[in-house]
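Inspection log for the structure reproduced underneath, given as C-alpha cells.
The values are calculated or read from the model by the stated rules, or taken from the named source; none is laboratory data. Just so it is clear, the structure is predicted and the values come from calculations on it, not from any experiment. Using ideal geometry, Cβ is built from the backbone for each residue, glycine included, and neighbour counts are taken over all protein chains shown.
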Amino acid sequence: MQETKRKYVIPGDVVAEGNLKPLVNVFRNGNSIIATRIGITESTQDGAKVIPLSGVYFPRANDIVIGKILDHSSLSWSIDINSCFLAHLPAQDVFGRDFSPAQDDMGRQLSSGDIIVARIAIFDRTRDPILTIQDNDMGKIPTGDLIKISPTRVPRLIGKRGSMIQTIEHATSTRITIGQNGIIVVSGKDRDGVNLAINAIHIVEIEAHTSNLTQRIKQLLNVPESEIENDDTQPSIEMNNTQTNDDEFNSNEADKEGVINSNGSK
Amino acid sequence: MVQNRSLIDEKGKRTDGRIIDELRDVKIEVGVINNADGSALIEFGKNKIIAAVYGPREVHPKHMALSDRSVVRCRYHMSPFSTDTRKSPAPSRRETEISKVIREALEPALILEDYPRAAIDIFIEVLQADGGSRCAGISAAAVALADAGINMRDMVSACAAGKVDDKIVIDINDTEDKEGGADMPVAYMPNLQKITLLQLDGELNSDEFNRCLEEAIRGCLKVHEIQRSSLMEKYFGNEKGVKE
C-alpha cells in the first residue's frame, strides 16, 4: 500500500511542498500545493489532494445520482438532481432509437414527481448534465423513504468496499440506494427497520470524520460479534472502491465508481 | 476629519479600555444556520453579525448567469434594531455600497471559474453594530464560504486601523470611527499576502499611511487565527493532531 500523509486543512493552507501533482481541491502556488476546501489532505507519490468535508453537490460525468422528475418537453425530461444545474434525460434513452414525440406518450414511462436512479452520461460544465438509465438497476424507484445527506459524506456512508452500507442493510433488512448527490432511498417491508436504517445513516452523516464509526454503528444496530467478523471478510461484488489506508474516508476515485443497491437485484 | 476631544487617556487606554495595538474580543461560531450551505456568527467586540452563504446554486433571473464563471451576489444589511436609534430596514445608499465592496473583497479569493453558470449568494446581517462592521462582515462571510465548501484560493481576513489622537491604533470602534482622525478598513488574504479591500476615511501622511496599513494587516493576521480555529473546532473538534 502506498504511503499517505494526512492533515487537516482550511482553504489557503499548504498541503505539500515540492514537485507534486495537484489533483483535486488544490492548486499550485510557486513551490507549494494549496488547499481550496476544508478537509483532510492525502499526499502520495501520485500527487496531493484534499478530501472535502463540506460542500453542495457538483455534477461529474459517470456519477450515479437520484433525481426527481420535474417536467418534460417533447424530447426530454428535466430532473432535479440536487445541484445548481437541472439534468436532462432524453426520451430516446428510455424509448429507444425509434422514439417519436407524436406517437409515444412520455407520461406513460415517467411523470413529474417520480424518483429515478440514473447515471450522468455527459457533463462538461458548459451545458446541463445529460442522464442515462441504460445500466443495471437504474430507472424509476417505485417505493421507499427519501432522505438527504451532505454529498461529502457519501463515501463514508458506503464505507471501505461497501462495508458500512452493507452492515446497515443486513442489520435492518432494508435496501438502501445511494446517489452521489447525497440523496438516498431506503426501502424495506419492516417499518421499524427502515426507521432504524435512517437513524443510522444520520449518525454516519454527523460523525463521519470520527474513528471506529463502523464499530459504533454495529453496536447501535445490535449486530452480534460473530457477524461483525463475517462482515469484514465478506467480499463485495458491486463495490469497486479502491482501498485506502483506513476506513475513515474513501478516496475520490473510489466514490466515482459509484454505488447502487449493494445487495444486487432491482 | 477634525478631532475635538482626546480619545486616549494618560494611561494609554482607549474609550473601551484597550491599548493602541489591541484587538477587541473576537469570537466566531461556524454553521449557525442549518438552511444555508455555509454560515457563521461573528462577535467582534460589540458587533454581532451573521453571514450565510448559499451556493453554487441556480441563477435567477437566468440572464444574469455568466457562461465562464459563477456570479457572486452579496447583501450587507443592518437590522432595524442593530443601532441605538431605529434604522429603516430598507437598503440604504451606505448598505448598497458596502455590499459592493464586500463582494469585491471576497471575489479574488473565490475560484469562480469552477462554477460556470451558477450563483453564489452571500448574506451579511448585522444584528448589533459597533463600528468596523464591514470588516467583521467580511471575516464572517469568508468563514461561511469555507463552511459552504466553495473553492477558495485563500481565506479573507479583515481588520481596520486608524488614527486617534495622532496615534496609529488598530481595530477602530464606533466612537473612534466617528470622532477620530482616520479609519482604514483592510481585507487581506493572509497566505497569498494580497490586499483585497483598502478604504480610507480621513487624512494620513505617507508615513502614517504605511504604519496604518502595517497595523491593519497585523490585525488581519490575528483575525485569521481566530477564523482558522473556529473552522477547525467545527470540523475536527478536538482531533487536532496530524495523522501519518
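Return yes when residue B:130 is surrounded by fewer than 24 Cβ atoms within 10 Å (Cβ to Cβ), of a type in the set (D, E, K, R) and modelled with pLDDT under 95 and no when it is not.
Details: surrounded by fewer than 24 Cβ atoms within 10 Å (Cβ to Cβ): yes; of a type in the set (D, E, K, R): yes; modelled with pLDDT under 95: yes.
Considered against the rule, which asks whether it is surrounded by fewer than 24 Cβ atoms within 10 Å (Cβ to Cβ), of a type in the set (D, E, K, R) and modelled with pLDDT under 95, residue B:130 comes out as yes.
Going through segment A:60-90 one residue at a time, which ones are more than 25 Å from the chain's Cα centre (by Cα) and in contact (Cβ under 8 Å) with a residue 12 or more places away in the chain? Let's see the steps before the verdict.
We begin by selecting, within segment A:60-90, every residue more than 25 Å from the chain's Cα centre (by Cα); these are A:72-75.
Scanning segment A:60-90 gives A:72, A:74, A:75.
With the structure loaded, tell me whether residue A:119 is basic (Lys, Arg) and outside any strand (DSSP E or B) or whether it fails that test.
Details: basic (Lys, Arg): yes; outside any strand (DSSP E or B): no.
Judged against the criteria, residue A:119 is not a match.
If you go through segment B:75-113 one residue at a time, how many are among the basic types (Lys, Arg) and either in contact with a Leu (Cβ under 8 Å, 6 or more places away or on another chain) or assigned to a strand (DSSP E or B) (or both)?
Residues in segment B:75-113 being among the basic types (Lys, Arg) and either in contact with a Leu (Cβ under 8 Å, 6 or more places away or on another chain) or assigned to a strand (DSSP E or B) (or both): 1 in total.
Output the residues belonging to segment B:29-44 that are surrounded by fewer than 20 Cβ atoms within 10 Å (Cβ to Cβ) and in contact (Cβ under 8 Å) with a residue 40 or more places away in the chain.
Hits for segment B:29-44 are B:29, B:31.
Could you list, in sequence order, all residues of segment B:1-48 that are assigned to a strand (DSSP E or B), modelled with pLDDT under 95 and charged (D, E, K, R)?
Passing the criteria: only B:14.
Considering each of A:97, A:28, A:37 in turn, give the residue that is in a loop (DSSP other than H, G, I, E, B) and closer than 27 Å to residue B:106 by Cβ.
Being in a loop (DSSP other than H, G, I, E, B) and closer than 27 Å to residue B:106 by Cβ holds for just one of A:97, A:28, A:37, which is A:37.
Among the candidates A:122, A:141, A:115, A:133, single out the residue that is β-branched (Val, Ile, Thr), more than 26 Å from residue B:117 (Cβ to Cβ) and away from chain B (no Cβ under 14 Å).
A:141
In segment A:24-45, how many residues are in contact (Cβ under 8 Å) with a residue 40 or more places away in the chain and either facing chain B (nearest Cβ under 7 Å) or surrounded by fewer than 20 Cβ atoms within 10 Å (Cβ to Cβ) (or both)?
Residues meeting the conditions: 3.
Identify the residue in segment B:149-172 that is within 11 Å of the chain's Cα centre (by Cα) and assigned to a strand (DSSP E or B) and, among all such residues, is nearest to the other protein chains (Cβ to nearest Cβ).
B:157
Tell me, which residue of segment B:185-216 that is within 14 Å of chain A (Cβ to nearest Cβ) and in a strand (DSSP E or B) is surrounded by the most Cβ atoms within 10 Å (Cβ to Cβ)? Step through it out loud before you land on a result.
So in segment B:185-216, the residues within 14 Å of chain A (Cβ to nearest Cβ) come out as B:187-194, B:196.
So of that shortlist, the ones also in a strand (DSSP E or B) come out as B:187-189, B:194, B:196.
On the way: B:187: 30, B:188: 28, B:189: 23, B:194: 14, B:196: 23.
Selected residue: B:187.
So, in segment A:210-238, of the ones that are closer than 28 Å to residue B:236 by Cα and modelled with pLDDT under 75, which residue ends up nearest to the chain's Cα centre (by Cα)?
A:232
If I go through segment A:72-110 residue by residue, how many of them are acidic (Asp, Glu) and either at pLDDT 95 or above or crowded, with 21+ Cβ neighbours inside 10 Å (or both)?
Residues flagged as acidic (Asp, Glu) and either at pLDDT 95 or above or crowded, with 21+ Cβ neighbours inside 10 Å (or both) within segment A:72-110 amount to 1.
So residue A:125 ticks every box in (1) without any contact (Cβ under 8 Å) to a residue 40 or more places away in the chain; (2) touching a strand residue (DSSP E or B) at 6+ places or on another chain (Cβ under 7 Å) but one. Which box is left unticked?
(2)
Residue A:153 fails exactly one of the following numbered conditions: (1) assigned to a strand (DSSP E or B); (2) within 14 Å of chain B (Cβ to nearest Cβ). What is the number of that condition?
(1)
If I filter segment B:49-69 down to residues being in a loop (DSSP other than H, G, I, E, B) and in contact with a helix residue (DSSP H, G or I) (Cβ under 8 Å, 6 or more places away or on another chain), which single residue comes out as farthest from residue B:27 (Cα to Cα)?
So, considering only residues that are in a loop (DSSP other than H, G, I, E, B) and in contact with a helix residue (DSSP H, G or I) (Cβ under 8 Å, 6 or more places away or on another chain), the one farthest from residue B:27 (Cα to Cα) is B:68.
Out of B:146, B:140, report the one residue that is within 16 Å of the chain's Cα centre (by Cα) and either under 14 Å from residue B:110 (Cα atoms) or within 14 Å of chain A (Cβ to nearest Cβ) (or both).
B:146
Among the numbered criteria (1) within 19 Å of residue B:40 (Cα to Cα); (2) touching a residue at least 60 places away in the same chain (Cβ under 8 Å); (3) not basic (Lys, Arg), which single criterion is violated by residue B:110?
Only one criterion in (1) within 19 Å of residue B:40 (Cα to Cα); (2) touching a residue at least 60 places away in the same chain (Cβ under 8 Å); (3) not basic (Lys, Arg) is unmet by residue B:110, namely (2).
Which members of segment A:156-171 meet the condition of being assigned to a helix (DSSP H, G or I) and either within 13 Å of the chain's Cα centre (by Cα) or over 24 Å from residue A:139 (Cβ atoms) (or both)?
Residues satisfying the conditions are A:156, A:157, A:158, A:160, A:161, A:162, A:163, A:164, A:165, A:167, A:170, A:171.
Please go through (1) surrounded by 19 or more Cβ atoms within 10 Å (Cβ to Cβ); (2) on the phi > 0 side of the Ramachandran plot for residue A:113 and return the number of the only condition it doesn't satisfy.
(1)
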